[in-house]
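Only one structure is covered here, and it is reproduced in the block below.
The values are calculated or read from the model by the stated rules, or taken from the named source; none is laboratory data. None of the values given here were measured: they were computed from a predicted structure. Virtual Cβ from ideal backbone geometry, glycine too; neighbours counted across all protein chains shown.
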Amino acid sequence: MLAPPPVLLSADRIAGRVTELAGQISRDYAGVDDLLLVGVLRGAFIFLADLSRRLTVPCSVDFIAVSRYEHGSTATADVRSIMDLRVPIAGRHVLLVEDIVDSGGTLDYLTRTLRARNPASLRICALTRKPQRAPAGLRIDYLGFDIPDQWVVGYGLDYGNQLRTLPYIGMLDPAVTQRSVSGATASGADGGDARLRMVGAER
Ligand code: PRP
C-alpha cells in the first residue's frame, strides 16, 4: 500500500476551482435544455460528480471508458476503447469531462471519435493539464489547473489503480515510479498496467 503523498492541490483549492468552472459552464450553456456531460472513466468520476452537482443548467450524464497504453507502446500511441457511450450524441450539446490531459493522446482520440457522431457542439473540460507535455494547439475550453510534469494521484487520479480516493491531488515521489519501471513494485489490481504506463510516460 502506498503512503499518501504531499499535497499539490488541496481539497479546498480543488473545490473552489470546480465551483468557478461550474459557474462559467452554467453561464455559457444558459438556454441549453439538456447538456450532455460525458465523463472519461475511470479517472474523471470524482471530478464529474462534483462538477455536475454545481451546474445550474439541466444536464444528463454518460460515460466512456478508454485506456491509453498497450504493450510496448509509447505515451501518444494507441488509445484503447473499453466502453462506449450508451446514448447517441447527434444533435446534442456535449461536454467531455477529463481528470487530466497529459500527452493529449486520449483527448485527441476522444474528440475525433465524438465529432464523427455529429454532436451540435463538443467542448472539453479538464481538471488538470501538464503544459510541458500536452500539445500546444490542443484546445481545452474549461481548464482547472496547469500542473508540473510529475505523477499525480488523488481526486480520481491513480497510481496502479491506487490512491484515487484521496480527497486532494498529490505528487508521487519519482523514486516510487522509477522503482516500478524496474519492475519492483506497483501492486494492486491494476499494477501491471501501471508498470506499462511508466515505461511509456510520466504522469
Ligand atoms: C488517464 C486519464 C486520462 C488520460 C490522460 O487515463 O484519466 O484519461 O490518462 O493521458 P493522455 O493525455 O496522456 O492521453 P488512463 O488511461 O490512465 O486510465 P484511467 O482513467 O482508468 O486511470
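General remarks:
- So D33, is it within 11 Å of the ligand (Cβ to nearest atom) and part of a loop (DSSP other than H, G, I, E, B): no
- Taken over segment 82-105, the residue count meeting the criterion of being out of contact with any Leu (no Cβ under 6 Å at 6 or more places or on another chain), in a loop (DSSP other than H, G, I, E, B) and not basic (K, R) is 9.
- Residue check for C59: over 16 Å from L41 (Cβ atoms), touching an Asp or Glu at 6+ places or on another chain (Cβ under 8 Å) and either modelled with pLDDT of 95 or more or small (G, A, S) (or both): yes
- Only listed residue being surrounded by 13 or more Cβ atoms within 10 Å (Cβ to Cβ) and over 18 Å from L114 (Cβ atoms), chosen from L96, L8, L37: L8
- Every pair of residues 6+ apart whose Cβ atoms lie under 7 Å, when the first sits in segment 121-137 and is in contact (Cβ under 8 Å) with a residue 40 or more places away in the chain and over 17 Å from L157 (Cβ atoms) while the second is within 14 Å of the ligand (Cβ to nearest atom) and not in a loop (DSSP other than H, G, I, E, B): none
- Residue pairs whose Cβ atoms lie under 7 Å apart, sitting 6 or more positions apart in sequence or on different chains, and linking a residue in segment 38-63 that is part of a loop (DSSP other than H, G, I, E, B) to a partner that is among the aromatic types (F, W, Y) and surrounded by 15 or more Cβ atoms within 10 Å (Cβ to Cβ), are V57/Y29.
- Of all residues assigned to segment 102-121, at least one qualifies as being at positive phi, crowded, with 19+ Cβ neighbours inside 10 Å and within 11 Å of the ligand (Cβ to nearest atom).
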